[in-house]
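The values are calculated or read from the model by the stated rules, or taken from the named source; none is laboratory data. Fair warning: this is a prediction, and the values are worked out from it, not measured in the lab. Positions of Cβ are backbone-derived with ideal geometry, glycine not excepted, and every protein chain shown enters the neighbour counts. These accessible areas exclude ligands, DNA and RNA; they are computed on the full protein's heavy atoms, side chains included. Shrake-Rupley method; radii C 1.70, N 1.55, O 1.52, S 1.80 Å.
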Amino acid sequence: MSPVAIHDLANMSSEARTRLLERTEADLTDTISKVEPIIAAVRTRGDDALIELAAKFDGVTLDRTTLKVSASQIAGAEKELDPEIVAAIRLSVAQVRRFHEAQMPDNLWLSEETEGALIGDRWTSIDSVACYVPRGKGFFPSSAIMTAVPAKVAGVPRVVILTPPGPDGSADAATRFIASLIGIEDIYLCGGAQAVAAVAYGTETVPKCAKIVGPGSPWVSAARQLLSNRIDPGSPAGPSELLVYADSSVPAALAALELTVESEHGPDSSAFVVTTDRALAEAIAAAVPQFWEAMGEYRADFSRTVLNGRNGGIVLAPSIEAAFDFINDYAAEHLAVLSTSAFELLPRIRNAGEILLGPHSAIPIANFVLGPSHVLPTGGRANTASPLAVFDFMKRSSIAYLSQAAYQRLAPAARTFAQYEGFMAHANSVSEIRDRILSNSSPLCFDATPDGKPFHTFPGIALARSR
């Protein structure tokens, strides 16, 4: 039997295909029941609960003075790191900052597409955000970069980092160095569901935040779900998942190599190669074990578990249409297109958090140093959700200004709607009552020019343009 599962869509029932699309965290019912008392403890007992839960789950002793990482620990973090990781962090921060600066929308855009009216959007940052940096199966400082840098670029006034304490009761040195590099002063040592509860309610030490972002365990996901009425839970980011589309234009070994990338995260990951070529499928399956041997047992065991079960392996499709139907139904976090015709295949793809085209677009480069955030929608939610971006740290306000002429043209229709829906105050507001009130006032200073040309510039608004 192959150590890598091969799932043949042509010989699979619709029920079996549906099961193949399921993720490990699809049902959080059991986890939610375990998370509820944790949330209640943090809500009622604040810092004391965080200290007790750190002892219970992380095996470390904290107190109120050590829940927050000190300024000296943040400032001195670079000295604890090898020059290679320092250089890699600096490169990643620069790349991620550059990408998100280019992504920033105009603060304000206004259009006169409707004659006599200015309509548009104004973007402003949210007030505060907590960036969750997990630590369960290793150190993940890249998550600090991929969440906190876009938040800083977006102009969020208060950005904090939450991370579980390590065995010695400290925050990872690389995470502390990233904070110092991008100007974050607040790192709090709490993880799991208790971290989400801490920023949802606020404790004596941990501030209440408007939003939480970043990847996390099912415990974190369950807490976000339960506390969504107290804090914006951010985009879904659960266990890692990958689809690789491969055809015979690339070596089977390359597809096998990529297949191991996300499957090494943990036994709850998902990773599939999708292909229409049976010979290629068998060659990929045969090539995978050589890469397990080069990974180390800890991560190789995760990968074996994933790739030989229902949540991983190779999906053999009877046609290219069936292959991309599966890809779009799956809506993966990461999608690698290993083909020399990758750009020709792009129009077939509708649902994916990240699409990496061609044999050189390696997943680790995108994960760590390319620029776009690696916080991507999981659990099939890439069919409606998007990668983390500056937009997640901002919100839009609609802006509108009507000239007298535009008001007179549009008011009758608005009044008709109001009367039809039974809102008489609405109807009165766009009736002769308004006309009488305004007839005795001085002329408005921001009206259109007499010949209907564009508006005069609004005081304090630099941008007024058609889009």
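Counting only DSSP beta bridges with both residues in the stretch 268-402, the antiparallel share comes to about 0 percent. Taking every DSSP bridge with both residues inside the chain, close to 30 percent are antiparallel. When the Cα convex hull of the stretch 134-185 is projected onto planes of every orientation, the mean area is 3.4 nm². Against the empirical 2.2 N^0.38 Å (N residues), the chain has a Cα radius of gyration ratio of 1.17. Summed over the residues of the chain and divided among them, the accessible surface reaches 47 Å² per residue at a probe radius of 1.4 Å.
If you fit an axis through the alpha-carbon atoms of helix 278-293 and take the longest principal axis of the Cα set of the chain, what angle between them do you get, 0 to 90°, nearest 10? The helix 278-293 is inclined about 70 degrees to the chain. Taking every protein chain into account, the 1.4 Å probe leaves D329 with about 80 Å² of accessible area, to the nearest ten. Taking amide H positions as modeled 1.01 Å from N, with prolines and chain starts lacking one, the residues under 5 Å from T203 and 5 or more places away or on another chain are K208. Once the Cβ-Cβ distance of T416 and E185 is raised to the sixth power relative to R0 = 56 Å, the FRET efficiency obtained is 0.50. When H265, H7 are compared by accessible area of protein heavy atoms, the largest-first order is H265, H7, using a 1.4 Å probe. Output the 0 to 90 degree angle, nearest 10, between the alpha-carbon long axis of helix 141-154 and the longest principal axis computed from the alpha carbons of the chain. On a 0 to 90 degree scale, this one is about 10. Over all Cα atoms in the stretch 346-449, the spread is summed up by Rg and Dmax: 25.2, 72 Å. Look at where the Cα atoms of the stretch 165-187 and of the stretch 203-267 average out, and the two centres are 21 Å apart. Max-minus-min Cα coordinates of the stretch 250-381 on each principal axis give 39, 35, 26 Å, with the largest extent listed first.
Which of the aspartates and glutamates could a cross-linker bridge to K79, judged by Cα under 20 Å and excluding same-chain residues fewer than eight apart? Here the aspartates and glutamates satisfying the reach criterion relative to K79 are D168, D172, E185, D186.
For the chain, the relative contact order is 21 percent, taking Cα pairs closer than 8 Å that sit 6 or more residues apart in sequence and dividing their mean separation by the residue count.
Shown for the stretch 154-286: the carbon plus sulfur share of the solvent-accessible area, taken with all protein chains present and a 1.4 angstrom probe, equals 50%. In a reduced charge model with +1 at each Lys and Arg Cβ and -1 at each Asp and Glu Cβ, the chain shows a dipole moment near 1180 debye about its Cα centre. Just the number, please: carbon plus sulfur as a percent of the accessible area of the stretch 85-125, 1.4 Å probe, no ligands or DNA/RNA counted. Taking all protein chains in place, the stretch 85-125 shows 53 percent carbon and sulfur surface.
A simple rule links phi to the HN-Hα coupling: the Karplus curve 6.51 cos²θ - 1.76 cosθ + 1.60 with θ = phi - 60°, which for the stretch 221-235 gives 4, 5, 5, 4, 4, 5, 9, 5, 8, 10, 8, 5, x, x, 6 Hz, with x for Gly and Pro.
Against the empirical 2.2 N^0.38 Å (N residues), the stretch 1-157 has a Cα radius of gyration ratio of 1.58. For the stretch 20-103, the square roots of the Cα gyration tensor eigenvalues, ordered a ≥ b ≥ c, give a/c of at least 1.5 with a/b no greater than b/c, which places it in the oblate category. Here's the picture: charge each Lys and Arg Cβ at +1 and each Asp and Glu Cβ at -1 in the chain, and of G353, G313, S303 the one pushed furthest to the positive end of that dipole is G353. The amide H of D186, built 1.01 Å from its N in the peptide plane, has I161 as neighbours under 5 Å, considering only residues 5 or more places off or on other chains.
When the listed pairs K68/K211; K34/K152; K68/K208 are checked against a 23 Å cut-off, the alpha-carbon distance exceeds it for K34/K152. Per-residue Karplus couplings for the stretch 77-82, computed as 6.51 cos²θ - 1.76 cosθ + 1.60 with θ equal to phi - 60°, are listed in order as 5, 4, 5, 8, 10, 5 Hz, Gly and Pro entered as x. For the chain, the longest principal axis of the Cα atoms and the long axis of helix 173-182 meet at an angle of about 20 degrees. Rolling a 1.4 Å probe across all protein chains gives T124 an accessible area of roughly 40 Å².
Hull volume per residue, based on the alpha-carbon atoms of the stretch 160-244 and their convex hull, is 126 Å³. In terms of its Cα atoms, the stretch 84-144 spans 58, 23, 16 Å along the principal axes, sorted from long to short.
Evaluating 6.51 cos²θ - 1.76 cosθ + 1.60 at θ = phi - 60° for every residue in the stretch 388-398, the Karplus couplings come out as 4, 7, 4, 4, 6, 10, 9, 9, 9, 10, 6 Hz, glycine and proline recorded as x. Amide H contacts under 5 Å for I399: G120, D121, R122, restricted to partners 5 or more places along the chain or on a different chain, H placed in the peptide plane at 1.01 Å from N.
Across the options I212, V35, M12, the greatest Cα extent toward the positive end of the charge dipole of the chain (unit charges at beta carbon of Lys, Arg, Asp, Glu) belongs to I212. In square angstrom, rounded to the nearest 10, how much accessible surface does F140 have for a 1.4 Å probe? For F140, solvent-accessible area is about 50 Å². The dipole here belongs to the stretch 78-196: it is taken about the Cα centre, uses +1 on the Cβ of Lys and Arg and -1 on the Cβ of Asp and Glu, and is about 440 debye.
In the stretch 231-366, Cα pairs under 8 Å separated by at least six residues give a relative contact order of 28 percent.
Normalising the average separation of contacting C-alpha pairs (under 8 angstrom, six or more residues apart) by the number of residues puts the relative contact order of the stretch 16-157 at 15 percent. The helix-only estimate of mean residue ellipticity at 222 nm for the chain, built from DSSP H runs of length n ≥ 4 each weighted as -39500 (n - 2.57), is -12500 deg cm²/dmol after division by the residue total.
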